Structure formats: C-alpha cells, structure tokens
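Notes follow once the structure below has been shown.
The values are calculated or read from the model by the stated rules, or taken from the named source; none is laboratory data. A quick note: this is a predicted structure, and the numbers were derived from the prediction, not measured. Here the Cβ positions follow ideal geometry from the backbone for every residue, glycine too, while neighbour counts run over all protein chains shown. Note: accessible area is taken over every heavy atom of the protein model, side chains too, but ligands, DNA and RNA are not part of it. Shrake-Rupley method; radii C 1.70, N 1.55, O 1.52, S 1.80 Å.
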Amino acid sequence: MTTEDKKIENSDRVKAKAKEKTFQRRSTDKSDHLVWDKTGNLPLLPLRGVVIYPNVLLSFDVGRERSILALQKAMENDNELILSGQKNVEDLHPEPEDIYDVGTRALVRQILELPDGSYKVLVYGLERVKIDDYTQVKSFYEVDYTALPDEDAENTPSLTAASRVMGSHFQTYASLTEHVAPDAVTLILNESDVGKAADLVAGQLRINISEQQELLQTSSVVERVRLIIDLLQREIQLAELEQKITAEVQFKLDKNQKDYYLREQVRAIQEELGEEADSSSEVDALRQKLDESGIPEEHKPKLHKELDRLSRMPSHFPEYATQRTWLETLLDLPFGRMDKEKHDINAARKILERDHFGMEKVKERILEHLAVRKLQLEKESDHKQRGPILCFVGPPGTGKTSIARAIAEAVGRRYIRVSLGGIRDEAEIRGHRRTYIGSMPGRIIQGIRQVESDNPLFLLDEVDKLGDDFRGDPSSALLEVLDPEQNNSFRDHYVEIPYDLSNVLFITTANTTDTIPGPLLDRMEVIELSGYTEAEKIEIAVRHLIPRARKRHGLTGKELSIRRPAIAKIIQGYTAEAGVRQLEREISHLCRRAALAIAEKGESSLTVTAARVPELLGNPRFTYDIAEKTDQVGVATGLAWTWAGGDTLTVEVNVMPGKGDLILTGKLGDVMKESAQAALTYILSRAEDLKIDPAKTREQDIHIHVPAGAIPKDGPSAGITLATALASALTGRAVRHEIAMTGEVTLRGRVLPIGGLKEKSVAAARAQIKHVLLPKENERDLSEIPESVKEKLKFSLVDHMDDVLSLALLPPEEPEQDTLE
C-alpha cells in the first residue's frame, strides 16, 4: 500500500469515526450556553517544545512508540486525546512527574503515516484541562481530567479596552513580522469572544515554551490578555530593533554574500584540483612542532590555546592566514639551538690575518674573548660570559664591515648583517603589533630566525645614522638589545614572548660617535679604527685588492701586473680617502683595461708602471699640498683631520690700515672663529714681550684667511697655528717653512690636546714637512704613528704658546732668507 493510499484510508477512518461531542445543557436566566463535559478519561500524548491552545489548529510529528499507541487509542475514542507539554524537551521517556499537569483536550482532524513509520498529525484544541490522575502508565498514558473553563470572561469595560489594546498591538506585531498570515489578523479582530481571541493571538506568538505554558495555565481571561499585551509589547520592540539592525547592515550583505560565494567557488575549484590545504593537518604539524621546540614551558599553554583557536577557524578567513603566519614565525625561532663555537686561538689568528691587514686592536680584542671562553670551558666554570658588544668606529672603507664576517668565521658563529642607516621607525627594531595588517617582527628577531641559531654574530651596520621621527626613536629601542643586563628577555612586539639575546655576539659600526646617543654609546665597547697610511694601502692592495680584482675579472697574475710605484701613484693622484674603496675601484678600472687589451688587441699581458698610470686612468684628479719652500711672514702650516684622513692647513694673515677689526674668511665654522679670536687676544696680551705696538695695532685691520675658500673648516686644533701666524704678521718675524703644528690654545697660552694624530702625522710626512709641534698631552698617542712616518718627522711636544713661538718663529735679528736647496 502506498503512502497516498494510507493517507486516504486514514482520512476516511477519521470521517467515519468523527462525530459531535455530547453536550450537556445548562439553563440560565437569560440564555442557554453549550459547554463540554467537565470531566473524563482520555489517552495522553506528551508534547516536546510545543503548546496547543483551545480553538487553535496545530500540526506535529509523532514518532515515539508510547505516543503512537496513545494516538491509536484516541482514534478508537472519538479521535480525542489530551496534549500536555514535557518539562524537559530532551527526555525521550518522560515520567508523569515530568509532564505539566495543565494541558489541552484536542480533536484529531487528520493523520498521515510517513515512510519512516512516524505520523504527521493535525489536531484542533478544544479546551483547557487539568490532569487529575494517571490511570494507565504501562504501554501509554491514560489520564483522568477536569475541564478548566475561562474565568472573568464577562465583557466588562476594562476587559473590552484590554481586548482592543491587544488587537491593536497584534496588528502592529503582524505588520513587523512575516509569519502571521493576513487572514489570521482579520479572524482575530472579528472574534467577539475575548478568551478565544486571546488564545488565537497566543498561538501566533514566537515565544519560549515556559511563556507558552504560562498562558495555557492562566484560566483568567483578564490576566491572560494582560500577559499577552506585555508579550506583544516586548516582541514589537524586538521586531523593530531587528528591522533597524537589518537596515544598517543591508548595504554590506551584497558584498559579503558575493565574497562568500566567490570564496566558496575558489575552494571548490581548489578541491577539484587537489590544491586545498588540509587545515587540520597544518594545525597538527604546528602542534607537533610546538611540542618539539625549545620554547620555555611557561609559554607553551598560551600557544596551545592559539592553535586551538586556529583549528576552529575556517581556512578561507583572512584571520586564519594572520594567525598561522604568527605561529609559524614563532616556531621558526631557534629558542636554545646554538652552534658549537671554535676556541682555537691560533686558527682564529690565522683567519683574521688572512683577510685583513692591520686592525690590530680589533684582532686582539676578539682573541681575548676567545681566550676567556676557552678557559671557562676548560675549568667548567658556571659563570656565563656575556657576549661583548663592540663598536668599530672609523672612516669609510677601512674594513669595519668586512672584518665582522672574518670574526664570525674565526669564532665559529653564523653571520647576519642588518643595516641601520636611515631607519626612523622604532617598529623596525621591536616589530609591529600582530593585530596590524602586514605586521612582522623587528629586524633583530628576523635576523635570528634567518640564521636559525641563538648565538650568531650580529652586525648592526651604520649605527651612527639612525634617525627618529613621530614613529619613535629606534636608538632607544636598541638600548634593550645592546644592554647585557636586559637582552636576556628582549620583547619583540610581534613575537610577544621574551627572547634571550644574551648569547648573541653584537658588533656595531659607525663613522663617528658624535651622532650616537650617549646612553646607547655607553653600552658599547668602542674600538677606533684610523685611516690607513700610504704604505698600509699598498700592502692591502698587493695582498687583497689586486688578487680579488683579478679573479673577479677573469685575469691571472701573468696577464695583469701592477707595480708598487704604480699603486703609490694611484693612491696619491686618484684617491682621497682614509680607506681603500676608491683604490679598489681604480684597480678594477685597470683590470677592465687589461681585459680589453687582451680581448680586442690580442695582447698577452699588461704591466702597469707608474709612468703608464696617466695613460690608463687619465690625468690625476687629486693633488696634495707640499710644504712651503721659503720662510714667510704671516704664513703658518697647520694639520687637520678630514673624513678622507689627514691634511695640511695653511693659515695666512695680513695686516692693513683700518680700525682694529678682525676679518675671517675661508668658510670657517663657529669653533674655528672663536679660536682665531682667542689666539688674537693672547698675542695682544703678550704685545710687550713680542715687541708689538698696541697703539699701532688699533689702527690696523687684521685679515685671517684659510684656503681653500670653498671647503668648510671647523674645530679648535688650529689654535696654535692661528696664533703663530698672527704673531708672525704683527712682529714681522717669518715662520719656519719646514714646521707644521696642531693644538688648541687658551687665552692664557696653554696648549691643549687634540685628536686624529695618526692621520695628521701621515699628512705631514706626505707634504714633506720635517718638524711637527704637538701638545705635550698627546705624547701617549705617538705609539699609534707608523714607524715609516716617524722616520720622516721630528716631533716636539709643547705645553705653552711661548714654546711654540720660540720654535716656529725666526729670531727678530735674523733676516728672511731663502732656504731652498
């Protein structure tokens, strides 16, 4: 038998058995009313999650065995049964105490058997009843009941007003929702029986089971109407709020739906192509990696929570990629993985000597560090040595950056370099908060992640060129990185958990310490690297630059030979630097000329001599000042330090009729102008001893000029040179031309120490100076001057201006003479 046949049979059976209930007539003074029997016995069918009211049609499914038996019993008993709600909708086998004692007597209007053996039932509520007793509980429930008639049902003015309010509210509610049919609104508004209208309204409300049961149990019509009015007001407010929220987000729905559908399409395509990543396997792999990592145990619970959050997140969500990237970055960090260090001091010395010439201070400091580490390991010392934080300061091209790589090889550490030049954002050091779009770790953590080791050599290049702006001060962020007391728990904003940097060997480089903030400079051990002398540059070229250039250009030693005099000529005429970068470029130029000659002209080799340098490189681009050949009045030679090393400085003084003014030219800085004024004050204060006429001086202007005029000059070290030139011009005594000098002068004539003595001495020897006057306090720096320079110069130490004048000026009785030989 088909489902349709069963439906027809059940319908015929309902029609055959359905009949009108026997009425009991009760007479009154004015009218007769038809009422149902007040007591009876009927089968009970417990309802789950639904309540039926009198005068309301309800359709529901019946599938439990006990409920089906009760339904079959009802079909044998005029199609009537009692419907009452369960207190717990999850209970499949409720006991009598689990069923509400107030329910509804209902008439079964239609039954349809479904393919799975359950039934679809349509019932009509007849009246409220109270369950008095359970007379059958074995196969199904059968109960005695008592009808609960409506109370306070008389049409009083207050009830009529309440009924109208209820109708008005229901109209408003129906207009705000979509589940109320228009016919239902018309039926309720036209219903004259207030109690029946209240039940009809209650059947249309979307309220919870407890509130539905409360309305069913309320037999007072007045109280029931008031409860319904309160519920309608609440539902109206909620419906209005829903409409408002819907209106606010409606404009976003189209785009969100479009994005969703597109993502679903992409995901479906990826699945067809086999490209869809299995997010669960990704999370499992990350979880295993976390368990095996060296992350401190106190931080692992937090990461496990983040992994759980990731596992619950759809893979196509943007947050999924952000969360996964953060976890992968964190798990890629070494956390305790360290390379085995080398402690062979002799091998380390060979490596350092192999790659770099000179730089003795740097090499000795690294070897000291290795020696300490070796002794600690041999004696199994528990004291952990803090890695030194070195700062190499020197002119450009002196090998600061390249020696760091050699140091890493010598100590057996991995090498990572980060350039700090031009960085203005603190986040470059500490990282960005991971909540920001495009966030990433700072450069420190990125470097550690790149080398996969907790003890690399970390080079922070150009630390003196850090900037700052509204985004923060990166030099302040470096304080924690470079402080041995703090860097064992460095916190990157992106990583969020502390990271130990105490095993890292930090090396920084700078051209000057003037622009490094004081607190940052205080945390570093500064090692100064001075410029190379000409002899040192020649050795560097022969040992390193020329072989490297030949290899880079595909040449052999036979194909290109550069003589030492040619290298010296290149240094003198084609470079002006303290380092060797320009020299390396000029050597590369020679290699290219040699390659061209061999490839184009068929020559077998090229030998570069001093005579051929102009032919191959063009005319010299630089010239150096040479010492004056004669003693002159008002002209003195000083020594200066520049970015390219040392240089000589000529000071010229002329006296002319005027008003006693001091004229300064030559693009002098403020400090140098003040030095000139101090020098003049001192000379005039010694007018009597120097036989200078003060009255005559007041009628003269003094003009001081320091060539070349286009080059800026500043600093106090030209003080004694200015004073000597002024004394020569005002006394008419010539200055010895073979003497050069450097030192700061005070108003009382004291000579104060200066810096850059090595570079200045090299410049003096190059200019063919024979005699150099130095402040006495610079005697300690004479050991830094190369022996090849000391052989060419005589050094005199002075501590007062009187000593300078006695050595530099010719005696007054001695006429000016030409000393050119």
Elements of type strands (runs of 3 or more DSSP E) in the range 48-116, at least 2 residues being over 17 Å from Val137 (Cα atoms) and under 60 Å from the mean Cα position of the chain (by Cα): 57-62
Answer residue from the range 800-821, given it is modelled with pLDDT of 90 or more and under 21 Å from Ala627 (Cα atoms) and is most open to solvent (accessible area, probe 1.4 Å) among those: Ser806
Tell me, yes or no, whether the range 439-446 has at least one residue that is touching a His at 6+ places or on another chain (Cβ under 8 Å), under 26 Å from Arg324 (Cβ atoms) and free of Cβ contacts under 8 Å to residues at least 24 places away in the same chain. no
If you take the residues of the range 601-626 that are open to solvent by 50 Å² or more (accessible area, probe 1.4 Å) and of a type in the set (A, V, I, L, M, F, W, C), which of them is nearest to His553 (Cα to Cα)? Ala611
Name every residue in the range 142-164 that is modelled with pLDDT under 90, hydroxyl-bearing (Ser, Thr, Tyr) and either open to solvent by less than 70 Å² (accessible area, probe 1.4 Å) or touching a Pro at 6+ places or on another chain (Cβ under 9 Å) (or both), in order of residue number. Thr156, Thr160, Ser163
Note on the range 577-596: residues at pLDDT 90 or above and farther than 14 Å from Ala549 by Cβ are Leu596
Within the range 430-475, restricting attention to residues that are open to solvent by less than 60 Å² (accessible area, probe 1.4 Å) and polar (S, T, N, Q), which residue is farthest from the chain's Cα centre (by Cα)? Asn455
Working only within the range 722-777, note down all residues that are among the polar types (S, T, N, Q), open to solvent by less than 20 Å² (accessible area, probe 1.4 Å), assigned to a helix (DSSP H, G or I) and under 20 Å from Tyr682 (Cβ atoms). Thr724, Ser728
Identify, by number, the condition in (1) within 60 Å of the chain's Cα centre (by Cα); (2) buried (at least 22 other Cβ atoms within 10 Å of the Cβ); (3) not β-branched (Val, Ile, Thr) that Leu216 doesn't meet. (1)
How many residues are open to solvent by less than 60 Å² (accessible area, probe 1.4 Å) and under 29 Å from Ser489 (Cβ atoms) if we restrict to the range 309-338? 12
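Quick grid of which residues meet (1) within 30 Å of Gln323 (Cβ to Cβ); (2) surrounded by fewer than 17 Cβ atoms within 10 Å (Cβ to Cβ):
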residue	(1), (2)
Ala477	yes, no
Val481	yes, no
Pro517	no, yes
Leu521	no, no
Ile540	no, no
Out of Ser175, Ser192, Ser139, I need the residue that is outside any loop (DSSP other than H, G, I, E, B), of a type in the set (Ser, Thr, Tyr) and farther than 18 Å from Val51 by Cα. Which one? Ser175
Restricting the first residue to the range 585-608 and requiring it to be over 17 Å from Arg563 (Cα atoms), which pairs with a second residue that is of a type in the set (Phe, Trp, Tyr) and exposed (fewer than 13 other Cβ atoms within 10 Å of the Cβ) meet a Cβ separation below 6 Å and a spacing of at least six or different chains? none
Scanning the range 380-401 for residues that are surrounded by fewer than 19 Cβ atoms within 10 Å (Cβ to Cβ), at pLDDT 85 or above and basic (Lys, Arg) gives none
State the number of residues belonging to the range 709-721 that are in contact with a helix residue (DSSP H, G or I) (Cβ under 9 Å, 6 or more places away or on another chain) and either outside any helix (DSSP H, G or I) or of a type in the set (Lys, Arg) (or both). 6
How do the helices (runs of 4 or more DSSP H) wholly within the range 295-400 filter down when requiring 3 or more residues that are over 27 Å from Asn487 (Cβ atoms): which remain? 300-311, 318-332, 345-355
Output for the range 688-721, where each listed residue is modelled with pLDDT under 90, hydrophobic (A, V, I, L, M, F, W, C) and crowded, with 16+ Cβ neighbours inside 10 Å: Leu690, Ile692
Arg234: open to solvent by 100 Å² or more (accessible area, probe 1.4 Å), modelled with pLDDT of 85 or more, basic (Lys, Arg) and closer than 28 Å to Pro54 by Cβ, yes or no? no
Glu577 passes all but one of the listed conditions (1) in contact with an Asp or Glu (Cβ under 6 Å, 6 or more places away or on another chain); (2) open to solvent by 20 Å² or more (accessible area, probe 1.4 Å); the exception is number (1)
Within the range 192-249, considering residues that are out of contact with any Asp or Glu (no Cβ under 6 Å at 6 or more places or on another chain) and among the small types (Gly, Ala, Ser), the one nearest to Pro46 (Cα to Cα): Ser210
Could you pull out the residue among Val411, Val372 that is more than 29 Å from Thr515 (Cβ to Cβ), touching a residue at least 60 places away in the same chain (Cβ under 8 Å) and of a type in the set (Val, Ile, Thr)? Val411
On the given criteria, is Val102 surrounded by fewer than 16 Cβ atoms within 10 Å (Cβ to Cβ), within 25 Å of Ile209 (Cβ to Cβ) and among the β-branched types (Val, Ile, Thr)? no
Give the range 632-657 a look and list any residue that's modelled with pLDDT under 90 and either among the charged types (D, E, K, R) or closer than 17 Å to Leu680 by Cβ (or both), or say none. Asp647
Any residue in the range 537-557 that is touching a Lys or Arg at 6+ places or on another chain (Cβ under 9 Å), part of a helix (DSSP H, G or I), farther than 30 Å from Arg413 by Cα and modelled with pLDDT of 90 or more? yes
Go through (1) farther than 17 Å from Thr104 by Cβ; (2) part of a helix (DSSP H, G or I); (3) within 60 Å of the chain's Cα centre (by Cα); (4) of a type in the set (D, E, K, R) and name the single condition Arg206 misses. (2)
Given (1) crowded, with 17+ Cβ neighbours inside 10 Å; (2) under 19 Å from Glu534 (Cα atoms); (3) aliphatic (A, V, I, L, M), identify the lone condition not met by Ile598. (2)
Note: among Asn503, Asn488, just one is within 22 Å of Leu370 (Cα to Cα) and assigned to a loop (DSSP other than H, G, I, E, B), namely Asn503
Do we find that Thr746 is under 17 Å from Ser675 (Cβ atoms) and in contact with a Ser or Thr (Cβ under 6 Å, 6 or more places away or on another chain) in this structure? no
Looking at this structure, is Leu797 open to solvent by less than 40 Å² (accessible area, probe 1.4 Å) and out of contact with any Cys (no Cβ under 9 Å at 6 or more places or on another chain)? no
Could you check the range 657-684 and list, in sequence order, the residues that are open to solvent by 80 Å² or more (accessible area, probe 1.4 Å) and of a type outside the set (D, E, K, R)? Pro657, Gln677
